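*Asks:* Sharing a structure here in structure tokens format.
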Amino acid sequence: KEIKIKINEKLKSNTTYTLNFGSCIKDITENNIFQDFKYIFSTGSYLDSSFYKGLTIDALSKKTIGNVKIFLFEKVIDSFPSNTNPKYLGFSNAKGKFKIDNIKKGDYFVYACIDKNSNNKIDKLTEKLAVKYTPISTKITSDSSLNDTINLFDNEVDLKIINETYIHPAKVIL
């Protein structure tokens with residue numbers, strides 16, 4: 001019948017916050033789910049309005065993958081982030097589409113994974129993952145053609161060499 005939210009840390013000034021309830025809210029009479037409800041507020045005078053959207057796909061099969069968590073970091077992280085919280089967190093729907101709204105305009109590094117154990121971290125040995133080493137820039141227009149593709153791969157895939165070419169002693173193309 002009610003939701004109480006307690007934030008245990010001081011909020012940053014001039015920052016937009018989004019509380020995403022996913023599929024956690026449902027009505028009490030028919031159990032209908034109130035899908036993707038978001039509560040958005042700002043500690044400044046405006047809401048940030050940039051966004052990042054796209055599609056999550058399997059790098060090998062090129063098929064879409066749903067229910068992928070997308071992490072946006074302000075700085076590049078040398079290894080897979082396990083102890084650092086992302087600046088923004090989003091997820092793809094069952095069809096692999098995602099859109100993270102209300103982002104502060106800027107450049108971000110993208111990491112993504114299928115978070116099997118729901119710990120909001122990338123467990124690189126057991127979860128399909130993706131890393132974009134070049135930062136993405138958020139968009140401020142609603143142009144539907146501005147989409148990105150996140151290619152996820154599995155660390156445990158056995159690869160087979162189909163062709164090899166020796167260019168010179170220090171270079172081989174596989």
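*Asks:* Give, as a single signed number, the net charge of other residues whose beta carbon lies under 12 Å from the beta carbon of Gly106, with Lys and Arg counted +1 and Asp and Glu -1.
*Replies:* +2
*Asks:* Starting at the first residue of region 52-57, write each ³J(HN,Hα) from the Karplus equation 6.51 cos²θ - 1.76 cosθ + 1.60 with θ = phi - 60°, in whole Hz, x for Gly and Pro.
*Replies:* Per-residue couplings from phi come out as 9, 9, x, 9, 9, 9 Hz.
*Asks:* Local charge sum around Ile70 (other residues, Cβ-Cβ under 12 Å, Lys/Arg +1, Asp/Glu -1)?
*Replies:* That sum, taken over residues with Cβ under 12 Å, equals +4.
*Asks:* When you have a sec, figure out the Kirkwood radius of region 1-89 from all distinct Cα pair distances and drop it here in Å to one decimal?
*Replies:* It works out to 16.6 Å.
*Asks:* Right, next: What per residue convex hull volume, in Å³, comes out for region 52-124 when only alpha-carbon positions are used?
*Replies:* Expressed per residue, the convex hull around the Cα atoms of region 52-124 is 100 Å³.
*Asks:* So who's got an amide H within less than 5 Å of the one on Tyr17, skipping anything under 5 residues away but keeping other chains? H placed 1.01 Å off N, in plane.
*Replies:* Under 5 Å from the amide H of Tyr17: Phe41, Ser42, Thr43.
*Asks:* What are the lysines whose alpha-carbon lies under 24 Å from the alpha-carbon of Lys95, with same-chain residues fewer than 8 places away excluded?
*Replies:* Straight-line reach from Lys95, under 24 Å: Lys26, Lys38, Lys53, Lys62, Lys63, Lys69, Lys116, Lys121, Lys124, Lys128, Lys132, Lys139.
*Asks:* Step through the residues of region 96-108 one at a time and calculate ³J(HN,Hα) from phi using the Karplus curve (6.51 cos²θ - 1.76 cosθ + 1.60, θ = phi - 60°), rounding each to whole Hz and writing x for Gly and Pro.
*Replies:* Residue by residue, region 96-108 yields x, 7, 9, 8, 9, 9, 6, 9, 5, 4, x, 10, 9 Hz.
*Asks:* Stick to the Cα atoms of the chain, pair each with every other, and give me the Kirkwood hydrodynamic radius in Å at one decimal.
*Replies:* So the Kirkwood estimate lands at 18.5 Å.
Throughout, read-outs are computed from the coordinates displayed, never taken from laboratory work. Quick caveat, the model's predicted, so the values are computed rather than measured. Heads up, the Cβs are rebuilt from the backbone with ideal geometry, glycines too, and the neighbour counts pull from every protein chain shown.
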